[in-house]
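Encoded as structure tokens, the structure appears first; notes follow it.
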2 protein chains.
Amino acid sequence: MKICIIGSSGHFHYALRGFKSNWKIVAIAPGSKGEDVTPLKKALSEMNITPNEYKSYQEMLDREKPDVVVVNTVFNANSRILCESLSRRIHTFVEKPIATSFEELEKIKKLFGTVKNEVFFAAMFGLRYKPHFLTAKALLDGGEIGQIRLLNTQKSYKLGKRPEFYRRRDTYGGTILWVGIHAIDWINWFTQKGFLNVYATHSRISNNGHGELESTALCHFVLEQEIFASISIDYLRPNAAPTHDDDRVRIVGTRGIIEVFENRVLLLNDKGENYIPLLPEKQIFSEFLSQIDGTGSCMVTPYDSILATEIALLARESADTGRVIQVCQNH
Amino acid sequence: MKICIIGSSGHFHYALRGFKSNWKIVAIAPGSKGEDVTPLKKALSEMNITPNEYKSYQEMLDREKPDVVVVNTVFNANSRILCESLSRRIHTFVEKPIATSFEELEKIKKLFGTVKNEVFFAAMFGLRYKPHFLTAKALLDGGEIGQIRLLNTQKSYKLGKRPEFYRRRDTYGGTILWVGIHAIDWINWFTQKGFLNVYATHSRISNNGHGELESTALCHFVLEQEIFASISIDYLRPNAAPTHDDDRVRIVGTRGIIEVFENRVLLLNDKGENYIPLLPEKQIFSEFLSQIDGTGSCMVTPYDSILATEIALLARESADTGRVIQVCQNH
């Protein structure tokens with residue numbers, strides 16, 4: 001079973017950590033003009049993998065005929081490549097967001113509708129597979145806090161110095177799309193409820209010379225059954241902080257509260273306040289491959305990947321326009 | 001110097017903890033028809049204070065001619081009494097919100113404009129005086145995190161069984177007005193920036209039989225300079241929780257982050273991540289009396305009291321209507 005990797009600008013490490021012995025990474029190629037694939041080559045070399053190298057990913061796909069392709073190039077190009085790989089009936093593990101415009105997302109939805117019985121894809125929502133998130137999900141599913149009423153989520157990153165393409169909306173997509181989308185996926189995954197409307201704001205002030213990149217954002221969602229959810233996003237985590245990111249979730253239910261922070265899980269309910277032993281980490285790409293070879297199923301579905309991207313696009317539109325946006329229920 | 005207390009339905013304890021030896025609590029009265037003032041009488045009796053008792057607060061004010069009146073009756077009646085005391089030129093320490101409708105607030109603003117050189121009032125924003133909040137404010141003023149860009153605040157309470165008047169919007173005012181207003185005051189106090197617009201949602205689902213009381217709410221503010229602020233509000237804190245409330249603030253600045261939680265203050269900036277020794281607690285009513293007798297000044301001003309009430313009313317209106325509300329800059 002053969003894997004090709006396109007691009008070196010996103011989370012290709014998920015594929016390297018999760019790939020299985022009966023699979024082989026056979027070839028790599030850049031996904032965008034001038035994209036530097038050195039980081040990918042270096043990581044593969046450290047694993048003693050020497051793939052074929054192509055300049056054109058189309059040529060690579062035509063010649064290698066892989067079973068699976070991993071797509072992580074400059075963010076605005078991922079959707080085009082996803083469409084090409086799905087058209088070729090190649091299962092695709094693709095960087096999130098799967099599209100940076102509504103038009104691209106519509107193309108994917110339409111195309112996937114015609115090929116969904118032959119091919120699978122999933123966006124790189126690898127954070128779900130961390131021990132603390134898996135544990136929180138298990139507590140929710142176990143009924144430990146009753147019905148969810150309110151969620152507060154947080155994505156806080158160090159900014160550092162980002163590649164040039166982060167500085168332009170047309171190549172980067174925006175901070176709600178690139179960073180906030182993870183929290184949108186958590187909210188979808190945890191609640192399993194439809195999003196009804198979205199209000200968001202974002203700002204480029206104090207982005208340390210990163211052009212159009214938004215350094216702060218705040219999102220406010222209403223879901224079915226009057227469930228509310230917030231996302232606080234910032235790139236202002238100080239350099240001296242002990243970790244790159246500070247992901248948090250607080251889930252308020254009718255019979256308790258779950259908090260995920262510092263990679264731990266705190267459960268507060270009528271049994272008191274307790275840190276919960278963590279479930280073991282899993283690998284999203286292993287699950288993805290299991291879905292393909294029929295030995296298992298992938299928690300992140302094409303539907304989840306489309307949904308989180310659509311909600312992120314709507315949140316960005318809200319932030320760009322200042323309006324509350326209704327979510328069309330046509331998924 | 002003489003103090004009268006009207007009502008027993010709010011935070012009269014602030015007055016009992018903060019009153020000074022050269023002041024005397026001379027009389028009490030209910031502020032609303034049928035209001036039970038037993039809790040107030042009991043607390044005074046434990047301090048060996050035996051005030052005169054009146055059935056009519058108007059008669060009390062006319063006869064006792066106090067220098068200061070403390071007002072904390074059923075929430076919708078506080079604004080009317082505040083107008084009466086200000087008209088009599090009696091300095092007033094009044095429960096927040098100072099009004100539960102725009103019409104009442106307009107009356108207070110208009111009246112105060114005519115008497116402001118003769119009389120002072122402040123709302124019961126006593127949380128500012130807690131060691132953790134004073135410490136956070138001192139860090140901000142000391143420039144420890146640079147310019148504020150983003151604030152996430154939280155009010156989480158145990159619901160328990162509340163008095164009957166909490167169950168009706170017309171007597172309770174709403175959860176954003178009663179609970180969220182504290183966080184609005186923190187945001188105003190910390191940032192010293194104008195509020196530009198407001199979006200909020202609230203829900204009565206799972207309020208454990210409390211009629212119209214909203215059990216959850218989420219508020220989203222845009223302030224000057226594209227500063228964003230959120231408030232998460234809930235009455236779903238489990239009975240088994242170690243404290244009644246779980247107040248939190250996270251303030252993200254251009255050079256660091258301050259967090260207030262569990263009554264502690266964590267500062268993260270280029271000096272690393274450190275818990276900060278707390279400043280001593282202060283008493284809002286002591287400061288209020290110092291303002292009156294000319295020995296000091298009260299941190300909570302009439303302007304702050306009006307502002308927080310106005311923003312809370314706008315947030316409630318947003319939540320009732322689903323619209324983003326612009327804040328008129330006519331303060």
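See the values below:
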quantity	calculated
Cα gyration tensor, the protein assembly as shown - rounded (a/c under 1.5), prolate or oblate	prolate
Viscosity 1.567 mPa s, 4 °C: Kirkwood-radius Stokes-Einstein D of region B:8-136 over Cα pairs, µm²/s	84 µm²/s
Convex hull volume per residue for chain A, taking Cα atoms only, in Å³	137 Å³
Built amide H within the under 5 Å cut-off of A:Leu196, gap 5+	A:Val222, A:Leu223, A:Glu224
Per-copy distances of the B:Gly294 label point, shortest first, in nm (7 angstrom along Cα→Cβ)	9.4
Residue-averaged [θ]222 nm for the protein assembly as shown, counting only DSSP H segments that reach four residues, each worth -39500 (n - 2.57)	-9000 deg cm²/dmol
Full-extension gain in nm, B:Asn117 to B:Glu212, via 0.36 nm per residue minus C-alpha separation	30.2 nm
Formal net charge of residues neighbouring B:Ser56 (Cβ-Cβ distance under 13 Å; K, R +1; D, E -1)	-3
Contour excess over end-to-end distance, with Cα ends at A:Ser297 and A:Asn239 and 0.36 nm allotted per residue	17.0 nm
Taking chain B and dividing mean pair separation by its residue count, relative contact order in percent (alpha carbons under 8 Å, at least six apart)	20 percent
Computed label-point distance, nm, for sites A:Lys110 and A:Lys271 using a 7 Å Cα→Cβ extension	5.1 nm
Amide hydrogen neighbours beyond the local backbone of B:Val324, cut-off 5 Å, H modeled	A:Val324
Environment charge at A:Arg168 (Cβ cut-off 13 Å; Lys +1, Arg +1, Asp -1, Glu -1)	0
Copy-to-copy label separations for B:Lys24, where each label sits 7 Å from Cα toward Cβ, in nm and ascending	9.9
Peptides ranked, highest mean first, by Cβ atoms within 10 Å: ranges B:312-323, B:130-141, A:266-277, A:316-327	B:312-323, B:130-141, A:316-327, A:266-277
Environment charge at A:Val68 (Cβ cut-off 12 Å; Lys +1, Arg +1, Asp -1, Glu -1)	+3
Nearest-first distances (nm) between copies at B:Thr38, label 7 Å from Cα via Cβ	7.9
Rg ratio (alpha-carbon, reference 2.2 N^0.38 Å) - region B:145-248	1.14
Other protein chain Cβ atoms within 10 Å, averaged over every residue that makes up A:146-152	5
Distance (nanometres) between label positions extended 7 Å along Cα→Cβ at B:Asn197 and B:Met1	4.5 nm
Sites A:Arg88 and B:Glu164 - FRET efficiency at Förster radius 51 Å, r taken between beta-carbons, to 0.05	0.15
Percent of beta bridges antiparallel (DSSP, the protein assembly as shown, rounded to nearest 5)	60 percent
Averaged over B:230-238, number of beta-carbon atoms from partner chains that fall within 10 Å	6
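Any read-out appearing in this document is the output of simple, stated calculations on the displayed coordinates, not a laboratory observation. It should be emphasised that the depicted structure is a prediction, and the values quoted were computed from it without experimental measurement. Note that each Cβ is placed from the backbone with ideal geometry, even for glycine, and that neighbours are counted across all protein chains shown.
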